[in-house]
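K.L.:
Here it is, the structure, as structure tokens.
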Amino acid sequence: AAYGFELLNTGAQRSQRPIENRKGFSAGNLLGLTAGAATGVAFVASNTDYFVNLSQWSDSWGEADIRLGGVSTYLRAAYMPTIAGWDTGFGIQSFSGGTDLTAGGSDDTKGFIIDAQAQGELAGRSMGFYLSHGTADALTVANPGATDTTATAFLAKMGVTDKIHGFLAYSMFDDDNSATADNDSTTVGLHYMTAQNIKMELYRVMNSEGEDSTTFMMFAGF
């Protein structure tokens, strides 16, 4: 739903992310609100200080799946001031309404996210900080469970050299069910920009449920 227009790097739109582990640093991705099938139209206003995206969309993709009738609403607004030489951004995302189904009823999508980022220099090194917090209502497309879900995520990224960056991310997930353990994770990694649009990334994810993993990725964009 967020694909129509996005400028921040908080994971507010799935593919715009400073590290590969999108669920490890982005509340929206962890909740499932900012990833998933969508077809729609975005109405956008923007300048150098802010942008607003109002999208009408259906939770489907592909010609055969597009449903006409009731659609969901996505509202995104962000303010992007320069503060003490740092490029910053502060935003909200709201998901509401539902898509009418041909068989009757609707697919509801309801949730809310706040996010912020700051990019600049600290002690002569490039730095980036990214924070997001959100909720997804129960029994909706992003959260088909019986309880509301809440997520908070943070990422700090530092330039070691011009081409090598280290990062640390932490995310917390709560399904508001006292009988279910929360799912938290820590991500530690490095990435090396060999050239513009070409990088290698190595990171370790440590999960509170014991689902640890190590990933090495080579990426090139054309």
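The values are calculated or read from the model by the stated rules, or taken from the named source; none is laboratory data. In this text, all values refer to a predicted model and were calculated from it rather than measured experimentally. Note that we place each Cβ from the backbone using ideal geometry, even for glycine, and neighbour counts take in every protein chain shown. Side chains included, ligands, DNA and RNA excluded: accessible areas come from the protein's heavy atoms. Shrake-Rupley method; radii C 1.70, N 1.55, O 1.52, S 1.80 Å.
K.L.:
Place the peptides 23-32, 83-92 in order of packing, highest mean first, counting for every residue the other Cβ atoms within 10 Å and averaging per peptide.
P.N.:
Details: 23-32: 27.1, 83-92: 14.6.
Highest-to-lowest ranking by the protection proxy: 23-32, 83-92.
K.L.:
At a probe size of 1.4 Å, how large is the accessible area of residue 212, to the nearest 10 Å²?
P.N.:
Answer for residue 212: close to 70 Å² accessible.
K.L.:
State the label only: which of [x] 0.97; [y] 0.99; [z] 1.74 corresponds to Rg/Rh (Cα atoms, Kirkwood Rh) computed from the shown model?
P.N.:
It is the one labelled [y].
K.L.:
Note down the nm distance, to one decimal, between modelled labels 7 Å out along Cα→Cβ at residue 206 and at residue 7.
P.N.:
3.8 nm
K.L.:
Using the Cα centre as the reference, give the magnitude of the dipole from point charges on the C-beta atoms of the range 104-222 (Lys, Arg: +1; Asp, Glu: -1; all else neutral), rounded to the nearest 20 debye. Don't skip to the answer; put the middle values down first.
P.N.:
Working: 6 positive and 16 negative charges, 169 e Å.
It works out to roughly 820 debye.
K.L.:
To one decimal place, what Kirkwood hydrodynamic radius in Å is obtained for the range 115-166 from all pairs of distinct Cα atoms? Mind showing how you got there, number by number?
P.N.:
Numbers: mean 1/r = 0.0755 Å⁻¹.
Kirkwood radius, the range 115-166: 13.2 Å.
K.L.:
Still on this structure: For the chain, what does -39500 (n - 2.57) per DSSP helix run (n ≥ 4), summed and divided by total residues, give at 222 nm, in deg cm²/dmol to the nearest 500?
P.N.:
Per the formula, -500 deg cm²/dmol.
K.L.:
Could you work out how much longer the chain between residue 195 and residue 214 gets when fully extended? Use 0.36 nm per residue separation minus the Cα distance between them, nm to one decimal.
P.N.:
4.5 nm
K.L.:
Continuing with the same structure: Roll a 1.4 Å probe over the protein chains and send me the accessible area per residue for the range 68-222 in Å².
P.N.:
Solvent-accessible surface per residue comes out at 54 Å².
K.L.:
Between 167, 213, 154, whose Cα lies farthest towards the positive end of the dipole of the chain when Lys and Arg beta carbons carry +1 and Asp and Glu beta carbons carry -1, centred on the Cα centre?
P.N.:
Toward the positive end, the furthest listed residue is 167.
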